[in-house]
1. So, counting K/R as plus one and D/E as minus one, what does the shell of residues with Cβ under 11 Å around Ala31 add up to?
2. Trp82 versus Thr41, label points 7 Å from Cα toward the beta carbon: distance in nm?
3. Kindly write out, for the range 19-32 in residue order, the coupling ³J(HN,Hα) from the Karplus curve 6.51 cos²θ - 1.76 cosθ + 1.60 (θ = phi - 60°), rounded to whole Hz, with x marking Gly and Pro.
4. Can you run phi through the Karplus equation (6.51, -1.76, 1.60; θ = phi - 60°) for the range 49-57 and list ³J(HN,Hα) in whole Hz, with x for Gly and Pro?
5. Can you sort Thr86, Thr71 from fewest to most other Cβ atoms within 10 Å of each residue's own Cβ?
6. Would you pull out the residues with amide H under 5 Å of Val37's amide H, same chain only if 5 or more places away, H placed 1.01 Å from N?
7. Please compute the length gained on full extension between Trp13 and Ser93, using 0.36 nm multiplied by the number of residues separating them and subtracting their Cα-Cα distance.
8. Between Trp25 and Ala64, what length in nm is gained on full extension when 0.36 nm per residue of separation is reduced by their alpha carbon distance?
Amino acid sequence: MENTTDRVRLTAWVEGRVQGVGFRWWVRSRALELGLVGAATNRRDGRVEVVAEGPRADCDVLLAALRGGRTPGHVDRVQENWGDVTGAFTGFSER
């Protein structure tokens, strides 16, 4: 049984050519495959903000995918921040 203390909130800011190329849809698909909840949001500065909550191991897999070079568009840089689960999300949305 999963320990609830293993659940985390990942916030990742993805820079590069990541808007208008299906990137948020791709992130949502990967997150749902992993059973994560959260959102992928276009930011005014051209970045995409990815917020995902779930088991740390699954969030690590999503983060590796963001950095993996097989995304739509082109990722130049990913900044990450880890925090506590807020429970604010149900499902995974594109914003």
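Values in this text are rule-based calculations from the coordinates and carry no lab data. What you see is a predicted model, and the numbers here were worked out from it, not measured in a lab. All Cβ positions, glycine included, derive from the backbone under ideal geometry; neighbour counts span all protein chains shown.
1. Details: positive: Arg24, Arg28, Arg30; negative: Glu33, Glu53, Asp58, Glu94.
Combined, the nearby Lys, Arg, Asp and Glu give -1.
2. Going by the 7 Å Cα→Cβ label model, 2.3 nm.
3. Per-residue couplings from phi come out as 10, x, 10, x, 5, 5, 4, 4, 4, 4, 4, 4, 4, 5 Hz.
4. Karplus values, whole Hz, x for Gly and Pro: 9, 10, 10, 9, 10, x, x, 3, 4.
5. Values: Thr86 10, Thr71 22.
Final ranking by Cβ density, sparse to dense: Thr86, Thr71.
6. Here the answer is Glu53, since their amide H atoms fall under 5 Å of that of Val37.
7. On the way: separation 80, 0.36 × 80 = 28.80 nm, distance 1.59 nm.
Result: 27.2 nm gained on full extension.
8. On the way: separation 39, 0.36 × 39 = 14.04 nm, distance 1.69 nm.
Length gained, Trp25 through Ala64: 12.4 nm.
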